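Single-structure report; data block below.
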Amino acid sequence: MKEQINVTRSSMPEFEEYMAEIKELWDTHWLTNMGVKHKKFAKCLRNYLNVEMVTLLANGHLALECAIAAFDLQGEVITTPFTFASTTHAIVRNGLKPVFCDINENDYNIDVKKIEGLITEKTCAIVPVHLYGNVCDVETIEKIAQKYKLKVIYDAAHAFGVTVNGIGIGNFGDASTFSFHATKVFNTIEGGAVTYNNEELKKTLYFLKNFGITGPESVEFVGGNAKMNEFQAAMGICNLRHIDAEIARRQTVFNRYRENLEGNKGIKLLQPQPAVKSNYAYFPIVFYGKSNLRNYVFDELEKNQIIPRKYFYPLTTDYECYADRFNSNETPVAKNIADRVITLPLYADLMLDEVDRICKIILKLI
């Protein structure tokens, strides 16, 4: 029986490399609380992402939750329902009301043409998502934000290392947040970060992630514990050394999928974005034609020990925890894509003959 192929597989450095990186932790016994590895990783990351400032956190969700909290927002936040649970939860857990904007059919990101129609006197911010590593229309979003004096906090969990016209994705908006979860293009086992260019925001984020402590005997904020530990930072240091090679290998897998699937009736593939350097985070396909074709393909792949994911189904507006609060019919494009999409396995060391096998199974069914 063939080994199961999951939708993703964590990239890891050589065992000896990681052991060498963490060896000094046994000498110092400094395991957390912004130690040497934390500082080293933050510096390396800032340089790689080409951003002014970066704050490391324990995971991507807390990065987004703390970024939103740092602006002390009140009211409504315009966002997308076609995303992972974290995006919507981070808004709600900050006591804010998410207002859902539909997505566009080209890249499945927030439809900038529909944002202004959702703005009210209660709107305080926009939280767009660079979905699958595809970049939102950052220029239009910036113009809207300036016009209505709104904050923009990007969920860039999928967009690590992506650039637009040579500009790192972490430079857009008032802040951008990243996830370094084990399933991402770049991982620190668990982990996350916020990028920004505001010195005051740096202080606030520090307090929010460290219990609100501002001095040895002073706690001025109601903060939490969202600190990245030294083992996570060490993994980040190691993985960052190899990230460009990892992305190049992902590109090879990505291109093989395109060679097999491009131009076939019944499926739609996302097209490359002009001036965007991709990280090849995901390979989504959308099925059209036969009723329930997506689910049929999904089940058939599982029978063959291939585990895709329905990213993102259901829409966050349809989660049980938000029952009777939102109406997914108000975002028909997002609902249609959610009902038809799967993301195929994609990781750096996925063998090309396995890609071919996956594609053959799909092509027999459409």
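When DSSP beta bridges are restricted to pairs lying wholly in the chain, around 60% turn out antiparallel. Geometric descriptor of the chain, per residue, is 147 Å³ (volume of the convex hull of the Cα atoms). Were the residues from residue 15 through residue 353 laid out at 0.36 nm apart, the gain over their Cα-Cα distance would be 119.0 nm.
The relative contact order of the range 105-240, computed from alpha carbon pairs under 8 Å that lie at least 6 residues apart in sequence, is 15 percent. How many nm is it between the label spots at residue 143 and residue 264, if each spot is 7 Å from the Cα in line with the beta carbon? Using points 7 Å along Cα→Cβ, the separation is 3.9 nm.
Using only side-chain charges placed at the Cβ, +1 for Lys and Arg and -1 for Asp and Glu, the dipole size of the range 20-106 relative to its Cα centre rounds to 360 debye. For the chain, with the dipole built from +1 on Lys and Arg beta-carbon atoms and -1 on Asp and Glu ones, taken about the Cα centre, which of 152, 69, 195 lies farthest toward the positive end? Working it through, the farthest residue towards the positive pole turns out to be 152. Which entries in the list 39/203; 37/202; 202/277; 268/364; 303/360 go over 21 Å, if you measure between the two C-alpha atoms of each? Checking Cα-Cα distances, 202/277 exceed 21 Å. Direction-averaged projected area, Cα convex hull, the range 1-113: 12.3 nm², rounded to one decimal. When the Debye formula is applied to the Cα atoms of the range 105-188, each taken as the same point scatterer, what base-10 log of I(q)/I(0) results at q = 0.11, 0.20, 0.25 Å⁻¹? The computed values of log10 I(q)/I(0) come out as -0.30, -0.90, -1.26. Extension gain for the segment residue 47 to residue 105, taken as residue separation times 0.36 nm less the Cα-Cα distance, is 17.5 nm to one decimal. Of the residues 223, 132, 284, the one whose Cα sits farthest toward the positive end of the charge dipole of the chain, with +1 on the Cβ of Lys and Arg and -1 on the Cβ of Asp and Glu, is 284.
With 0.36 nm allotted per residue and the present C-alpha distance subtracted, the residue 33-residue 2 stretch has 6.8 nm of extension available.
Taken together, the values in this text are just the output of simple stated rules run on the coordinates, not laboratory data. What you see is a predicted model; the values in this text were computed from it and never measured. Please note: Cβ atoms are built from the backbone with ideal geometry, for glycine as well, and neighbour counts cover all protein chains shown.
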